Amino acid sequence: MPSLMHDTVSVIVPIYNVEKYLDQALSSLEAQTYPNLEIIAINDGSTDSSLDIIRAHAAKDSRITVADRTNHGYGSGCNYGMDMASGEWIAILEPDDWVKPAMYEDMLQFGSGFDGVPDIIKTPYVRVTYPDTPEERHLQCSYKGRITPNAQPFTLADAPRLSRSHPSIWSALYRKEFLVRNAIRFHEIPGAGWADNPFLMDTLLRAERIVYLDEPYYCYREDTPEKEASFFKRNPSLPFDRWHDMQDILEELHVRDAGILRMHIEKGFMYRDSVVENNSPDDPAIVELEKRMFDRMDPEIVFSDATISPHKREIFAAARGISCPPSNAGAYYRAMFAEVRYNLKNNGLAYTSTLAGKVFKRRNK
C-alpha cells in the first residue's frame, strides 16, 4: 500500500471581498496538523481589505503564495490555482469557510490504506446554518452516513448519492495527476456562478478510484434563508443552466447507469423547487426553463422515483405532453418518512421539524 503521508497538498483559496471571514479561513489552514501544504491564495480583484489580510498571513507563513489579479470569477480563479499548484493533491477552501485541524492528515492517512492511489478522497461536511446569528447551528450534511459502497475504492455508480447532494467539491482531495490526465477544468462562468456543479460531475464520473471517509472536517457557511431567497429571485435561470451543464457531461460520457441518472433528475427537481418557491411558477420564462429541463429527463426514471411527489410527476407529464401513470402515494410517503427518520437521527428533532415545515409550506404553495 503506498503511503501518501509525504505528499504535498496544494490548497486553492479563491478570494473576492471576504474580509469578514478570511482570517479565520487562512488560520484554519495554518493550524493543520499535516505540514506539507502549499496554500495558493488568489485575490480575484477584491475591493475590500482581503489582499492586506492575505499578505499579512503570507508574511508569517512561507507556505502561502499570494496571487493578485483582476476579477475573473470563481471558476477562473480555481483554474489559475490548479495551474500554479505543484502538489500531488488539490484541495479547495472557500474563503468564508474553515476546516478542522486534522482534515488533510486524516484524509491522507485514510487514503494510504488502499492498494493503489485514489483519484478522489471524499468526506462529508458540517453545515453552518444561520451563520453569525443567535440561531447559528452546526448540522450534518445530507449524505453523512449514507455513502456505503460494497467495497472501497469505488466509482460513482456504487454510491450515486454523492452526486445528488450539495456540490461540496471542497470536502475532498483530488489527485492532481487524475485532473490533468482527464483535462478536468472549472467552467469559467462570470462571478461565482455555481461553477462547482459541473466540476463535481466531471470529477465523480471520471474517477475510477474514489475512497470515502465518513468524518466531517470542512465547515461550510450556508446563506441565510433571506439571502438564498434573494439569490433565486435575481438568478432564476442559473440553477437550470448548471443542471444542463451537468447533463451535457452525462451525455458526453454516455452514462446509462440508472442510479446516477436518477440522482441527477432528483437534483433537477430540487433546483426547480427553489426557483419556483421564490418566483411565480406561472412566469412564462420560468415555465420555459422548466420545460427545457424536463425535456432532457427520462420519463421512465421520473415516474418510477418514489421521492418525486405525485403532484410533481403531473407537472412533468403536462410539460412533456405525455400521460402521467397512476402514482403510488404510499411509496412516496414511505420515502418521506425515511428522510424524516434520517434527519432525526443525524440532526435532531428541532431541525427536522423546521425542515418538515418548509416542505409543507412548499407543498401548499
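The values are calculated or read from the model by the stated rules, or taken from the named source; none is laboratory data. Model, not experiment: these values are computed from the prediction. Neighbour counts run over all protein chains shown; Cβ positions are idealised from the backbone, glycine included. Surface accessibility is based on the protein's heavy atoms, side chains included, excluding ligands, DNA and RNA. Shrake-Rupley method; radii C 1.70, N 1.55, O 1.52, S 1.80 Å.
Structure summary
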read-out: First in the range 312-331 and under 13 Å from PRO299 (Cβ atoms) and at pLDDT 95 or above, second anywhere and hydroxyl-bearing (Ser, Thr, Tyr) and surrounded by fewer than 12 Cβ atoms within 10 Å (Cβ to Cβ), Cβ under 7 Å, 6 or more apart; value: ALA317/SER323
read-out: Hey, PHE186 modelled with pLDDT of 95 or more, surrounded by 14 or more Cβ atoms within 10 Å (Cβ to Cβ) and touching a Gly at 6+ places or on another chain (Cβ under 6 Å) or not; value: yes
read-out: The range 26-41 residues that are modelled with pLDDT of 95 or more and among the hydrophobic types (A, V, I, L, M, F, W, C), paired with ones that are open to solvent by 10 Å² or more (accessible area, probe 1.4 Å) and part of a helix (DSSP H, G or I) (beta carbon under 6 Å, 6 or more apart); value: ILE40/MET84
read-out: Any hit, the range 248-269, residues being over 22 Å from LEU200 (Cα atoms), open to solvent by 30 Å² or more (accessible area, probe 1.4 Å) and touching a helix residue (DSSP H, G or I) at 6+ places or on another chain (Cβ under 6 Å); value: no
read-out: Single residue of GLU208, GLU252, GLU222, GLU228 found to be acidic (Asp, Glu), closer than 16 Å to HIS166 by Cα and over 15 Å from the mean Cα position of the chain (by Cα); value: GLU228
read-out: From the options SER46, SER28, SER3, residue that is surrounded by fewer than 20 Cβ atoms within 10 Å (Cβ to Cβ), of a type in the set (Gly, Ala, Ser) and in a loop (DSSP other than H, G, I, E, B); value: SER3
read-out: Pairs where the first residue, in the range 235-260, is in a helix (DSSP H, G or I) and the second is open to solvent by less than 10 Å² (accessible area, probe 1.4 Å) and β-branched (Val, Ile, Thr), C-beta under 7 Å, 6+ apart; value: PRO239/VAL275
read-out: Of all residues in the range 102-132 being within 30 Å of THR224 (Cα to Cα) and open to solvent by 20 Å² or more (accessible area, probe 1.4 Å), the one that is nearest to the chain's Cα centre (by Cα); value: ARG127
read-out: First in the range 55-70 and free of Cβ contacts under 8 Å to residues at least 60 places away in the same chain and open to solvent by 50 Å² or more (accessible area, probe 1.4 Å), second anywhere and of a type in the set (Val, Ile, Thr) and in a helix (DSSP H, G or I), Cβ under 6 Å, 6 or more apart; value: VAL66/ILE54
read-out: Candidates ASP96, ASP83, ASP158 - the one that is in contact with a strand residue (DSSP E or B) (Cβ under 6 Å, 6 or more places away or on another chain) and among the acidic types (Asp, Glu); value: ASP96
read-out: Failed criterion for ARG146 (all others in (1) surrounded by 18 or more Cβ atoms within 10 Å (Cβ to Cβ); (2) farther than 24 Å from LEU289 by Cβ; (3) not small (Gly, Ala, Ser) hold); value: (1)
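Yes/no per residue for (1) more than 12 Å from the chain's Cα centre (by Cα); (2) open to solvent by 50 Å² or more (accessible area, probe 1.4 Å); (3) in contact (Cβ under 8 Å) with a residue 12 or more places away in the chain:
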{"site": "CYS141", "(1), (2), (3)": "no, no, yes"}
{"site": "ASN150", "(1), (2), (3)": "yes, yes, no"}
{"site": "LEU162", "(1), (2), (3)": "no, no, yes"}
{"site": "ASN182", "(1), (2), (3)": "yes, no, yes"}
{"site": "GLY191", "(1), (2), (3)": "yes, no, yes"}
{"site": "MET201", "(1), (2), (3)": "no, no, yes"}
